[in-house]
Amino acid sequence: MLYIICSQPFGQSPSCFAVFSLVLTDSAVIHALFSPQGMYVFLHAVKGTPFETPDQGKARLLTHWEQLDYGVQFTSSRKFFTISPIILYFLASFYTKYDTTHFILNTASLLSVLIPKMPQLHGVRIFGINKY
Amino acid sequence: MATAAEQWVLVEMVQALYEAPAYHLILEGILILWIIRLLFSKTYKLQERSDLTLKEKEELIEEWQPEPLVPPVSKDHPALNYNIVSGPPSHNIVVNGKECINFASFNFLGLLDNPRLKAAALASLKKYGVGTCGPRGFYGTFDVHLDLEDRLAKFMKTEEAIIYSYGFATIASAIPAYSKRGDIVFVDKAACFAIQKGLQASRSDIKLFNHNDMDDLERLLKEQEIEDQKNPRKARVTRRFIIVEGLYMNTGTVCPLPELVKLKYKYKARIFLEESLSFGVLGEHGRGVTEHFGINIDDIDLISANMENSLASIGGFCCGRSFVIDHQRLSGQGYCFSASLPPLLAAAAIEALNIMEENPGIFAVLKEKCKRIHKALQGIPGLKVVGESISPALHLQLEETTGCRERDVKLLQEIVNQCMDRGIALTQARYLEKEEKYLPPPSIRVVVTVEQTEEELEKAASTISEVAQTVLL
């Protein structure tokens, strides 16, 4: 289980969502990649593709989430990516015993990952951030 | 593991669950409902909104009349009555059984019938066979290809060169490899059809400027600069290109390259130079329009040319800096997805380069002949010469058009036919009339080669003059 792996170096009660360690151990890196923060960066912040595509640059300004399945909403991949942070959130709040600080941080992370996945926000760039 | 287990005794956890704050549990309930809604949502595409009902769709389908697959075409369409050439289209060409002097093929350096080229091609044929049966990535790269690329890069004094197997596909693949959606391309209105197709494939924003009009181009560049200042973040992401030809096929004029290079550095755009007609023609050693104007080759970002004119081979090449050309090895559609150039043609091209390097005097001879025929063709009543004096391919257009393009084409065809009867083989410049963006007026294209003697040039000029007088007056 993720919380056991990550709690060993930290020795504190885990929050699968908020990692406060400044030391980048391997488990911390893996944790960051699979955490909502990592998910936000890779799915909703980074645009375009790391390789050349034959679409003549159609996806250059689209995030990975918007490129998934060519823009079709509610496909199985999208449902999986939406549901998995929610499940992690349930687990995290269970194992932190519903503590208030952890609650605020975890809910903020969850919302930052859930809201960009809504179809109404497809292609929306708030305040022009990340537009080009 | 034991110490960790001490911290999370299951009983304590479940106890904490019972004591959980209400807002948290409500939130979790909302999330569970969200999950259930998600699991049951249907997939849908975002822009699919068909405003037509089924009945309307059926009506539209019923009233559609298919166009014929082959549209009706008149019997004397030029594509249906072609002239048949027996033997090689070299200096003396046998068209429809008549022997004529060739003023139509782009054989500028006369290398088409050269025995050294033929010997090199035959040797290569015996060694490698005829074709390559594969693109460059799938066992289609032979040492002759790498040799030819090397030689071309050395000849043009650039870092690297890349070979395409079809001249039209060279520039049409090179442009979409670099310019994508959202990029801006400034093109001359007289650009050839291959460039137009490359631009269409690139899906970029095209801005056309008047032929060889640097003020018009500067106006467009200034407008773009103003747009860029309004939205600097977008401007940082868009690439700008200027695409010109060294010697334009449609008008026979040379592009003003020094001004273009100045504009390039002023407005931060990249220049793609298409040198199909000027490679092996302009410049002291035949290196093209950059040598003609004395411009540093590194100022031009990409030079593209086809080997079907001066080099008397097939195919095309692009040359430039290494990091520019290397990109085309994976992104050039014509490079990756077409079979590579047959090795016999590559060997012929290498031999042609050898000949060009051995006697650089032929370029001066060609220039002389171009000037001579340009002068000799002036003053023909009814026809005007379009093209510069150094251009080996000039156009003869009607001074006054009859108003209808078909009638103009018929008149010019009459001139061409009569010239052919008298032993001068000419051709009209042909275009896909419905597909060209700026269709040039119909014209006769006169091509000068090194092999034509001065008497033949004089004879051609006088023949055209006589025929024009009989036909047009």
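Under a point spin-label approximation (7 Å from Cα along Cα-to-Cβ), what is the B:PHE193-B:LYS127 distance to one decimal in nm?
3.6
Between B:GLU399 and B:ALA364, what length in nm is gained on full extension when 0.36 nm per residue of separation is reduced by their alpha carbon distance?
Extending this stretch completely gives an extra 9.5 nm.
If you fit an axis through the alpha-carbon atoms of helix B:22-40 and take the longest principal axis of the Cα set of chain B, what angle between them do you get, 0 to 90°, nearest 10?
Approximately 40 degrees, to the nearest ten.
Within 10 Å, count the other beta carbons around each residue, average over each peptide in B:248-259, B:297-308, and list them highest first.
Per-residue mean Cβ counts within 10 Å order the peptides as B:297-308, B:248-259.
Under 5 Å between amide H atoms, partner at least 5 residues away or on a different chain: which partners does B:PHE209 have, H built in plane at 1.01 Å?
B:VAL187, B:ASP188, B:LYS189
If you take the charge dipole of the protein assembly as shown about its Cα centre, with +1 on Lys and Arg Cβ and -1 on Asp and Glu Cβ, which of A:SER109, A:PHE127, B:VAL281 is farthest toward its positive end?
The residue sitting most towards the positive pole is A:SER109.
Which pairs in the list B:LYS98/B:LYS459; A:LYS131/B:LYS42; B:LYS375/B:LYS459 are over 19 Å apart, alpha-carbon to alpha-carbon?
Beyond 19 Å: A:LYS131/B:LYS42.
Aspartates and glutamates within cross-link reach of A:LYS47: Cα-Cα under 14 Å, excluding same-chain residues under 8 positions apart?
Those aspartates and glutamates meeting the cut-off are A:GLU66.
For the pair B:ASN92/B:ARG37, report the inter-label distance in nm, with labels modelled 7 Å from Cα in the Cβ direction.
8.8
Per residue, how big is the convex hull around the C-alpha atoms of region A:80-132? Give it to me in cubic angstrom, could you?
90
Roughly what would the spin-label model give for B:GLU284 and B:GLU436, points 7 Å off Cα along C-beta, in nm?
If labels sit at B:GLU284 and B:GLU436, their model points lie 3.7 nm apart.
Can you work out D for region B:303-403 in µm² s⁻¹ from Stokes-Einstein, where Rh is the Kirkwood radius over C-alpha pairs, the temperature is 4 °C and the viscosity is 1.567 mPa s?
The estimated diffusion coefficient comes to 76 µm²/s.
Taking 8 Å as the Cα distance limit and 6 or more residues as the minimum spacing, I'd like the relative contact order of region B:115-358 as a percentage.
Across region B:115-358, relative contact order equals 32 percent.
So which lysines pass the test for B:LYS262, namely a Cα distance under 22 Å, with those fewer than 8 places away in the same chain ruled out?
Filter leaves B:LYS157, B:LYS189, B:LYS207, B:LYS222.
Among B:102-108, B:24-30, A:101-107, B:183-189, what's the highest-first ranking by average C-beta atoms within 10 angstrom per residue?
Highest mean packing first, the order is B:102-108, B:183-189, A:101-107, B:24-30.
Could you work out the mean count of beta carbons from other protein chains within 10 Å of each residue's beta carbon in A:68-79?
So the per-residue partner count for this stretch is 3.
List every residue whose amide H lies under 5 Å from the amide H of B:THR427, counting only residues 5 or more places away in sequence or on a different chain, with H placed 1.01 Å from N in the peptide plane.
HN-HN under 5 Å from B:THR427: B:ARG445.
Helix B:405-421: angle to the longest alpha-carbon principal axis of chain B, degrees 0 to 90, nearest 10?
Around 40 degrees separate the two axes.
Give me a comma-separated list of calculated 3J(HN,Hα) values for region A:87-94, in order, Karplus coefficients 6.51, -1.76, 1.60 applied at θ = phi - 60°, integers in Hz, x for any Gly or Pro.
Couplings: 4, 4, 5, 4, 5, 5, 5, 5 Hz.
Does region B:368-451 come out rounded, prolate or oblate, given a ≥ b ≥ c as the square roots of the eigenvalues of its C-alpha gyration tensor, rounded meaning a/c under 1.5 and, failing that, prolate meaning a/b above b/c?
Prolate, because a/c is 1.5 or more and a/b exceeds b/c.
What angle do you read, to the nearest 10 degrees and between 0 and 90, between the alpha-carbon axis of helix B:361-376 and the longest principal axis of chain B?
70
Per residue of B:235-244, how many C-beta atoms from partner chains lie within 10 Å of its own C-beta, taken as a mean?
Average neighbour count from other chains, rounded to a whole number: 1.
Which far-off residues, 5 or more places away or on another chain, put their amide H under 5 Å from the one on B:PHE272, with H placed in the peptide plane?
Residues meeting the criterion, in which the H sits 1.01 Å from N, are B:ILE242, B:ILE243, B:VAL244.
For B:ALA79 and B:LEU52, calculate 0.36 nm times their separation in residues minus their Cα-Cα distance, and state this gained length in nm to one decimal.
5.5 nm
Stretched out fully, how many nm does the piece from A:PHE42 to A:SER84 gain, at 0.36 nm a residue minus the Cα gap?
Extra length from A:PHE42 to A:SER84 when fully extended: 13.6 nm.
Under a Cβ-only charge scheme (Lys and Arg +1, Asp and Glu -1), can you give me the dipole magnitude of chain B about the Cα centre, in debye to the nearest 20?
Roughly 220 debye for chain B.
I'd like the mean, over residues of A:49-57, of how many other protein chain beta carbons sit within 10 Å of each residue's own Cβ.
Mean number of neighbouring Cβ atoms from other chains: 4.
Where a number appears in this text, it was derived from the coordinates with a stated rule and is not lab data. All of these numbers come straight from a predicted model, not from anything done at the bench. Backbone-built Cβ (ideal geometry, glycine too); neighbour counts: all protein chains shown.
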